[in-house]
Every structure is written in structure tokens, then in C-alpha cells.
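A.B. asks: Please read through the structure below; I'll follow up with questions.
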């Protein structure tokens with residue numbers, strides 16, 4: 001009930017959002033990614049983890065964002 005229904009479905013504003021690797025109780029680690037569903041949404045993928053840093057990858061791929069994403073400024 002804390003997340004708006006559109007975002008809770010995993011899709012919003014042309015992006016597909018995924019939450020994974022929620023380890024521990026309570027969860028102390030996670031990965032969050034947002035990838036463009038198609039080119040009309042944009043070309044960048046976004047990601048974050050427990051560090052709180054929001055990163056992006058210009059190729060639109062979550063794997064690139066998580067491994068070598070540049071910090072969003």
C-alpha cells in the first residue's frame with residue numbers, strides 16, 4: 001500500500017522496474033533496476049543498491065548499469 005499501483009506492477013513511464021536480491025530479515029541488501037521498455041522511453045537504464053547511489057548505463061541494459069554504471073548527477 002506504500003507503492004503507487006502503477007509502479008507496483010513493475011512498469012511506469014515506459015520503464016520496467018525490477019527489485020531483486022533482497023537478502024536477510026530485515027533485508028540489508030537489494031538491487032533495483034529500471035530499463036526502458038522501448039526506445040520511446042529513453043535509452044538509459046538506471047539502477048541502485050543498498051549504497052543508495054543511483055547509477056545509469058547509456059546502453060539501456062541493467063547488467064551494465066549494475067556492473068559499471070556511472071553515478072547520476
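A.B. asks: Suppose we keep only residues that are farther than 16 Å from residue 61 by Cβ and in contact with a helix residue (DSSP H, G or I) (Cβ under 9 Å, 6 or more places away or on another chain) within region 3-36. Which one would you say is surrounded by the most Cβ atoms within 10 Å (Cβ to Cβ)?
C.D. replies: Step by step, filter region 3-36, then rank; the result is 12.
A.B. asks: Now for a separate question. Looking only at region 37-52, which residues are under 19 Å from residue 22 (Cα atoms) and surrounded by 12 or more Cβ atoms within 10 Å (Cβ to Cβ)?
C.D. replies: Listed by number, the residues that qualify are 46, 47, 48, 49, 50.
A.B. asks: Among the numbered criteria (1) over 18 Å from residue 63 (Cβ atoms); (2) modelled with pLDDT of 90 or more, which one does residue 39 miss?
C.D. replies: With (1) over 18 Å from residue 63 (Cβ atoms); (2) modelled with pLDDT of 90 or more applied to residue 39, the lone miss is (2).
A.B. asks: Return yes when residue 2 is in contact with a strand residue (DSSP E or B) (Cβ under 8 Å, 6 or more places away or on another chain) and modelled with pLDDT under 95 and no when it is not.
C.D. replies: When the stated conditions are applied, residue 2 does not pass them.
The values are calculated or read from the model by the stated rules, or taken from the named source; none is laboratory data. What you see is a predicted model, and the numbers here were worked out from it, not measured in a lab. As a convention, Cβ positions derive from the backbone with ideal geometry for all residues, glycine included, and neighbour counts pool all protein chains shown.
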